[in-house]
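Comments concern the structure below.
The values are calculated or read from the model by the stated rules, or taken from the named source; none is laboratory data. No experiment lies behind these values; they were computed from the predicted model shown. Neighbour counts are summed over all protein chains in view; Cβ atoms, including those assigned to glycine, are modelled from backbone coordinates with ideal geometry.
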C-alpha cells in the first residue's frame, strides 16, 4: 500500500533526522518529535538505539531532560550529510 503523503522514510533516515534536529539546537523531546515528524513511540525506539550506540545522550538539568548529540553522533551525521551531498552531485 502506498503512502498518500509521499515517500516513507527509512529507519536510518529517521535516525539521521534526530541527529540533525539535535545539531539544530532542539533539545526537548516535543521539539525533537516535531522537528523529526515522529510520534513518541517511534522517537523513543530510535532514541534508545542511538543512545545504545553512544550517538546521543539524555541529561537531567534541574527539572528537565535535555537531549544532546555526542561527538560520535556529530561524526556520523557529518559523514551522512557528505555522502548525501556527494550522491546528489552525481545525479
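Can you confirm whether residue 48 is surrounded by fewer than 12 Cβ atoms within 10 Å (Cβ to Cβ), at pLDDT 95 or above and not in a helix (DSSP H, G or I)?
no
Just give me the residues in the range 68-91 being loosely packed, with under 13 Cβ neighbours inside 10 Å and outside any helix (DSSP H, G or I), in sequence order.
Within the range 68-91, 68, 91 meet the criteria.
Right, residue 41: exposed (fewer than 10 other Cβ atoms within 10 Å of the Cβ) and either out of contact with any strand residue (DSSP E or B) (no Cβ under 7 Å at 6 or more places or on another chain) or modelled with pLDDT of 95 or more (or both) or not?
In short, yes.
Which residue pairs have Cβ atoms under 8 Å apart, sit 6 or more places apart or on different chains, and have a first residue in the range 75-91 that is touching a residue at least 24 places away in the same chain (Cβ under 8 Å) and a second that is surrounded by 10 or more Cβ atoms within 10 Å (Cβ to Cβ) and outside any helix (DSSP H, G or I)?
What qualifies is 76/55; 77/69.
Could you list all residues from the range 52-67 that are surrounded by 10 or more Cβ atoms within 10 Å (Cβ to Cβ) and more than 14 Å from residue 29 (Cα to Cα)?
53, 54, 55 - these are the residues of the range 52-67 that are surrounded by 10 or more Cβ atoms within 10 Å (Cβ to Cβ) and more than 14 Å from residue 29 (Cα to Cα).
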